[in-house]
Amino acid sequence: MTVLKMAWRNLGRNRRRTALTAVTVMVVVLLLIFMQSYIHGILGQTFDLSARLLTGHLKIYATGYGGREALLPTDVGVPHSAAVARAVAAVPGVAAVGRRIRFFTMAQHDDRDEFPVLFGIEPGPERQILQLDRALARGRYFGDGRREAILGVGLAQKLGLIRSPADPFVPGSAKINLLAPRGIPMTFTVVGLARFGFAALDDRAMFVRFTDAQYAADLDPDDMATEVVVMLEDRDRSLPLLASVRAAAGRAAGAGAIEVVPWQAQGWLYNMAKTARAAFGVILFILFFIAASTVINTMMMAVLERTRELGMLLALGMKAREVVGLVLAEAVAIGAAGGVAGAALGIALGLVLERTGIPLGDSMKGLPIPVGDTIRIDFLWWYAPLGLGFGIAMTTLASLWPALKASRLAPTEALRTV
Amino acid sequence: MFLARLALRNVFRNRRRSVITLLAIGTGIFTLVLTMGLTNGYGRQAELNLIDLEYGHLEIFRAGYYEDKLAGLEDAIAAPAAVEAAARALPDVAAVAERLSVASLLHFQGDEMPALAVGIDPVADNQVFRLQPSIVAGRWFTDGAEGLIGDRMAKTLGIKPGDVLIWQARARGGPDAAPIQAVEVTVVGILSTGDPALDGTILFVPLAFARESLLAGPRATVLAVRLRDPDRLDGAAAALAAAIGPDYEVKTWRELGRDFLQLYQVKRAGNFIMVLVFLALVSVGIVNTMLMATYERQREIGMFLALGMARREVRRLFLLEGAFLGMWGAVAGVALSSPLVWLLQVYGLPIAWISGGKDVDIGFPIRGVMYGELSAGLVIEALALGVILATAASLWPAWRVSRLEPTAALRRV
């Protein structure tokens, strides 16, 4: 107890130094909490968007489709897709299932033509998955009419439906001629324009009803879909649920007809995220190093400054162990004070930014993965104790050397120093 | 000089403390040089790709063509020869190449994929762009029904040099008069440029063949210009716009590559802020060290003041000590980091290594290998930042110590 009391008194002896060291620890803890929330936020948001728009949490497609997905072939498909979707939807842990058909097509309006990706989607289930109904910039969602289409804003501009993104647009005022793979020309009425803030969809996607796409690509005889997108209640359960979804889909489609791929195995996003987390580790290490050198410096000063005093304590019979404890207690107190302040600031910043988000404008729209126009940072409560723990541990570790040095003083020598 | 010697000696008086401070500054500067070296490197690489592979320095369109996001052949430049002549007459212009681009669909063995077909002059194009050196298989084309594609597209479609694909696009003349043209094109060469858009989505065909297939007459959708002096970009753009008149518009590669440049600026600013936060932490450490030193040496300073040293000089002494620490720390940081950046500049960092073996398209006109850039500017910036930060961090301790009362200071232990 005496040691703790002495440590506490020592803190007040050089207040400014104590404050500076505490501020260092505070900044480190704050930075740590913020960076974790930021990385967790941006990755989570990108994972969610990417799953909704592109990969699902699990994607079912016909055997052999996987290697050729870049070409969006329509010569293979998931057969009996309605039955597959029903069977998969019944698997516990599955939140939503949407059948999709995607293929490249030629779209024509007046004297302009483009080669967009045609998305055949089911209007009902996709309200939960693609959420196209919430991405509408103009017009309306699919209604009762036949052969309705919703175009990405950029595609509509390329096709001359609007001159600029701000132009008014009347639903049903434009027709698009489609030259589908089976060769039958089809005409669609454009009822809405969509903006996802993601160029791959905004500039290149045309959405129609699943059944229309099925007809256009001649996939209706076996009720085929080119892919069935499965959303889970928890994206981290994609691997445990893989087998049951595969079994359910296999029973409905015929064994061997389909394969199921988790979102982690589609594209490079997940690997990239792993690298980002590793980079975070490196940054953490550098932070540790820089902050620790400040703490070492301070504590070393504190020890050197008090050489005589420590020598006196040793001469009067204080044990080396107790001297180590004294110096460490001082350090832990500084670390705790700075850490608590940093954690408090980190919580405040986290809660504010979680609400407001960090606006990016449209600087991210050209990326091949959807990031969105605002980064919602994601603050988890345990980041605060983690940061605090890191701060205290760092301070303690950095003080070990000065503390050991202090305890090894020879009393007689120490007393002789000025 | 005397002050400098004194400051130097003082730095060595407490070697351990100085070493720890140096380590902190060095780590900060090391991080700065490494992070910014890599960031600047890929920025520069990407800019070169934009100029040499995608846009040239300037591009000329018919007025409205660019804002309308690529219209049909009707909106192309009808008489490019006259515009080209006007451009060539300008002293800034080194070369001009006509190009004819059209949205297309490619078919190969039952697969199809959309692509941009670009008609280029097999000879003139090389004076503006650097495509020919990027051929990795087969050969450059001359004329006729020959095509070049990027290695990414070749891999997607499974095409080798010598294979024949079908190029489908709409010819000029409105929906009724213009049939969809589908012509056979023999792929004679594969390009690997390091630009994902170019390697994955473009079919190059000879300009004359494109004009003939699309019934385009002498039309060109764009004239790409290479300048004699790349730094004269805006001046040259203005002069060119004035020379060719209001029927046409001139865009610089910076305007054309706006999306990427914006993304890059956000990324660069983010990296720089992160490094600055590191350096701010380092500064706190320096303030700490200097403050310690002032306490330790109160008697000594009191003695100086009593012996008649001006307060200004005492201040300067401490600032100099800070500057020395900053300089050596920065030198150490630069010395350790620049070989690494140099290695990154020479050998590069394979992107596949970052992404776990997959070919990544991160929205940058770069793929394959990312290179660092070790520039004199960066080294100077790092050294200056080290010295300035350390000196600035010494300001407060120096000011404090210069205000000591000699008599009071001398009395202290």
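Within the range A:168-185, work out how many residues are modelled with pLDDT of 80 or more, touching a helix residue (DSSP H, G or I) at 6+ places or on another chain (Cβ under 9 Å) and open to solvent by 30 Å² or more (accessible area, probe 1.4 Å).
1
Which of the following residues is buried (at least 19 other Cβ atoms within 10 Å of the Cβ) and among the charged types (D, E, K, R): A:GLU413, A:GLU354, A:GLU322, A:GLU330? Even if it seems obvious, please write down each step before you answer.
On the way: A:GLU413 fails: buried (at least 19 other Cβ atoms within 10 Å of the Cβ); A:GLU354 fails: buried (at least 19 other Cβ atoms within 10 Å of the Cβ); A:GLU322 fails: buried (at least 19 other Cβ atoms within 10 Å of the Cβ).
Going through A:GLU413, A:GLU354, A:GLU322, A:GLU330 in turn, the sole match is A:GLU330.
Out of everything in the range B:318-357 that is among the aliphatic types (A, V, I, L, M), more than 30 Å from B:ARG403 (Cβ to Cβ) and more than 14 Å from chain A (Cβ to nearest Cβ), what residue ends up being surrounded by the most Cβ atoms within 10 Å (Cβ to Cβ)? Please lay out each step first, then the result.
Taking the range B:318-357 as the starting set, the residues that turn out to be among the aliphatic types (A, V, I, L, M) are B:319-320, B:323, B:325, B:327, B:330-332, B:334-336, B:340-341, B:343-344, B:346, B:349, B:351-352, B:354.
Subsequent filtering for residues that are more than 30 Å from B:ARG403 (Cβ to Cβ) retains B:331-332, B:334-336, B:340-341, B:343-344, B:346, B:349, B:351-352, B:354.
Checking which are more than 14 Å from chain A (Cβ to nearest Cβ) leaves us with B:331, B:334-335, B:341, B:343-344, B:346.
On the way: B:VAL331: 18, B:VAL334: 23, B:ALA335: 13, B:VAL341: 25, B:LEU343: 13, B:LEU344: 21, B:VAL346: 10.
The selected residue is B:VAL341.
Name the single residue, out of those in the range A:145-167 being assigned to a helix (DSSP H, G or I) and in contact (Cβ under 8 Å) with a residue 12 or more places away in the chain, that is surrounded by the most Cβ atoms within 10 Å (Cβ to Cβ).
Taking the candidates together, the pick is A:ALA156.
For the range B:3-24, what are the residues that are within 10 Å of chain A (Cβ to nearest Cβ) and open to solvent by 40 Å² or more (accessible area, probe 1.4 Å)?
B:ARG16, B:VAL19, B:LEU22, B:LEU23
Of the residues A:GLY317, A:GLY361, which single one is open to solvent by less than 50 Å² (accessible area, probe 1.4 Å), at positive phi and not in a helix (DSSP H, G or I)? I'd like the intermediate steps shown before the answer.
Working: A:GLY317 fails: open to solvent by less than 50 Å² (accessible area, probe 1.4 Å).
Selected residue: A:GLY361, the only one of A:GLY317, A:GLY361 that is open to solvent by less than 50 Å² (accessible area, probe 1.4 Å), at positive phi and not in a helix (DSSP H, G or I).
Do any helices (runs of 4 or more DSSP H) entirely within the range B:168-273 hold 2 or more residues that are crowded, with 16+ Cβ neighbours inside 10 Å, and if so, which? Talk me through it step by step, then tell me what you get.
Working: elements: B:174-177, B:196-201, B:207-213, B:233-244, B:253-256.
So the answer is B:196-201, B:207-213, B:233-244, B:253-256.
Only one of these conditions is not met by A:TRP263: (1) in contact with a strand residue (DSSP E or B) (Cβ under 9 Å, 6 or more places away or on another chain); (2) open to solvent by 30 Å² or more (accessible area, probe 1.4 Å). Which number is it?
Result: A:TRP263 fails condition (2) only.
Please indicate, with yes or no, whether at least one residue in the range B:79-93 is of a type outside the set (Ser, Thr, Tyr), outside any helix (DSSP H, G or I), more than 30 Å from A:VAL295 (Cα to Cα) and touching a strand residue (DSSP E or B) at 6+ places or on another chain (Cβ under 8 Å).
Taking the range B:79-93 and keeping what is of a type outside the set (Ser, Thr, Tyr), we get B:79-93.
Adding the requirement that they be outside any helix (DSSP H, G or I) leaves B:79, B:89-93.
Subsequent filtering for residues that are more than 30 Å from A:VAL295 (Cα to Cα) retains B:79, B:89-93.
Next, from what is left, pick out any that are touching a strand residue (DSSP E or B) at 6+ places or on another chain (Cβ under 8 Å): B:92-93.
Yes, the conditions are met somewhere in the range B:79-93.
Name, by its number, the condition in (1) outside any loop (DSSP other than H, G, I, E, B); (2) surrounded by 15 or more Cβ atoms within 10 Å (Cβ to Cβ) that does not hold for A:ASP236.
(2)
Just a yes or no: is a residue in the range A:17-33 among the basic types (Lys, Arg), open to solvent by 30 Å² or more (accessible area, probe 1.4 Å), out of contact with any Pro (no Cβ under 6 Å at 6 or more places or on another chain) and within 10 Å of chain B (Cβ to nearest Cβ)? Talk me through it step by step, then tell me what you get.
Applying the first criterion (among the basic types (Lys, Arg)) to the range A:17-33 yields A:17.
Subsequent filtering for residues that are open to solvent by 30 Å² or more (accessible area, probe 1.4 Å) retains none.
No, the range A:17-33 contains no residue that is among the basic types (Lys, Arg), open to solvent by 30 Å² or more (accessible area, probe 1.4 Å), out of contact with any Pro (no Cβ under 6 Å at 6 or more places or on another chain) and within 10 Å of chain B (Cβ to nearest Cβ).
Identify, from the list A:ILE101, A:ILE121, the residue that is among the hydrophobic types (A, V, I, L, M, F, W, C), surrounded by 16 or more Cβ atoms within 10 Å (Cβ to Cβ), farther than 25 Å from B:GLY200 by Cβ and touching a strand residue (DSSP E or B) at 6+ places or on another chain (Cβ under 8 Å). Please lay out each step first, then the result.
Numbers: A:ILE101 fails: farther than 25 Å from B:GLY200 by Cβ.
Going through A:ILE101, A:ILE121 in turn, just one is among the hydrophobic types (A, V, I, L, M, F, W, C), surrounded by 16 or more Cβ atoms within 10 Å (Cβ to Cβ), farther than 25 Å from B:GLY200 by Cβ and touching a strand residue (DSSP E or B) at 6+ places or on another chain (Cβ under 8 Å): A:ILE121.
The values are calculated or read from the model by the stated rules, or taken from the named source; none is laboratory data. Computed from a prediction, not measured in an experiment: that's the story for all the values here. With ideal geometry, Cβ positions are generated from the backbone for all residues, glycine too; neighbour counts draw on all protein chains shown. Note: accessible area is taken over every heavy atom of the protein model, side chains too, but ligands, DNA and RNA are not part of it. Shrake-Rupley method; radii C 1.70, N 1.55, O 1.52, S 1.80 Å.
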